[in-house]
1. When region C:1-16 is examined, which residues are found to be more than 14 Å from A:His53 (Cα to Cα) and either in contact (Cβ under 8 Å) with a residue 40 or more places away in the chain or part of a strand (DSSP E or B) (or both)?
2. Is at least one residue of region C:62-83 more than 9 Å from chain A (Cβ to nearest Cβ) and within 13 Å of the chain's Cα centre (by Cα)?
3. For region C:7-28, check the following and say yes or no: at least one residue is within 12 Å of chain A (Cβ to nearest Cβ), among the small types (Gly, Ala, Ser) and more than 14 Å from the chain's Cα centre (by Cα).
4. Residue by residue through region B:12-42, note down the ones that are at the interface with another protein chain (Cβ under 9 Å from one of its Cβ atoms), free of Cβ contacts under 8 Å to residues at least 60 places away in the same chain and touching a strand residue (DSSP E or B) at 6+ places or on another chain (Cβ under 9 Å).
5. Sort out which residues of region C:22-76 are among the polar types (S, T, N, Q) and either assigned to a strand (DSSP E or B) or buried (at least 21 other Cβ atoms within 10 Å of the Cβ) (or both), and write them in order of number.
6. Out of A:Ile15, A:Ile43, which single residue is under 29 Å from C:Val50 (Cα atoms) and either at the interface with chain C (Cβ under 10 Å from one of its Cβ atoms) or surrounded by 18 or more Cβ atoms within 10 Å (Cβ to Cβ) (or both)?
7. Going by what's in this entry, would C:Leu94 be described as surrounded by fewer than 17 Cβ atoms within 10 Å (Cβ to Cβ) and either more than 10 Å from chain A (Cβ to nearest Cβ) or over 23 Å from A:Glu18 (Cβ atoms) (or both)?
8. Condition first: surrounded by 15 or more Cβ atoms within 10 Å (Cβ to Cβ) and outside any loop (DSSP other than H, G, I, E, B). Now tell me which residues in region B:19-34 satisfy that.
Amino acid sequence: MLFFSFFKTLTDQVITVELKNDLCITGTLKSVDQFLNIRLDGITVEDPERHPHMMAVKNCFIRGSVVRYVRMGARSVDTTLLEDATRRGEFMVRVLKGLRVD
Amino acid sequence: MEQVAAGTISEPLDLVKLSLGERVFIKLRGDRTLTGNLHAYDAHMNLVLSQVEENIHIVDVGEDGTAAPPRIERRGFEMLFIRGDSVILVSPLLE
Amino acid sequence: MSAVEAYVDHTVQVILYDGRVIVGKLRGYDPRTNLILSDCVEREYSLEGVEMVPLGLYMIKGDNVAIIGEMDEDKDGSIDYTEIKAEPLGEIRL
């Protein structure tokens, strides 16, 4: 639940999802679900010469299980809140009240 | 490691809990290692790290099947979520 | 999973765990990401260009699905795939 809530706070931010086949997809995070499946809009792929496979794809649904990393800007994340939420093992939605959670 | 002696650590995840906000070393599947500041984890070992350095250990194999000396590819990330199913180990980094 | 609802009756590109690329019209899905695709074509990438292999109507088991992408059909139609030369995508390794 912690990371589900964490990703919800990143909605509408630009992130890069690196998959376990080395494909790196950058786009705007549109939604996330409890499996950490990710929906990205306005996507671009890193190294299009090597990976032209997504050239004509506008947006995509990425199965959570194929994700290796999600890269994001440091300013998108309140690390103090994250640590507190982790320590308490609570649902982050409660801690993040006052921040945008939707 | 006084906490270990004092018995504050009773289960494996407690060691990770004590590393919150600290620099950690992570070993991942696919011959990858990371160092970074740990900000979040859960029971699946999903993690969030900042100021991350990733090292990928690569052994190139030539056409004749002989292995070249191992080389390391380095990358840096300012903020990174790591999916837990790739994680092999988490260790506090004593600098 | 409801994110997939928006793709129903649209042309999608599905990337499978083994790296295969399949394009077709999404006719249905369930919470396990099992998919029904009509008029499927597999796009086989190689250094000799992309080969289009018609497959027909497919039910793809969710365990194999890595990515579902919505195609920009105008853009797709403007690309000469015989000129796209690339290695096939790698498989998803754990």
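Read the figures in this text as sums done on the coordinates, not as results from a lab. Just so you know, these numbers come straight off a predicted model, no measurement behind them. Positions of Cβ are backbone-derived with ideal geometry, glycine not excepted, and every protein chain shown enters the neighbour counts.
1. Within region C:1-16, C:Val4, C:Ala6, C:Tyr7, C:His10, C:Thr11 meet the criteria.
2. Yes, region C:62-83 contains a residue that is more than 9 Å from chain A (Cβ to nearest Cβ) and within 13 Å of the chain's Cα centre (by Cα).
3. No.
4. Matches in region B:12-42: B:Lys17, B:Leu20, B:Gly21, B:Arg29, B:Gly30, B:Arg32, B:Asn37, B:Leu38, B:His39, B:Ala40, B:Tyr41.
5. C:Thr33, C:Ser38
6. A:Ile43
7. Judged against the criteria, C:Leu94 is not a match.
8. Within region B:19-34, B:Arg23, B:Val24, B:Phe25, B:Ile26, B:Leu28, B:Arg32, B:Thr33, B:Leu34 qualify.
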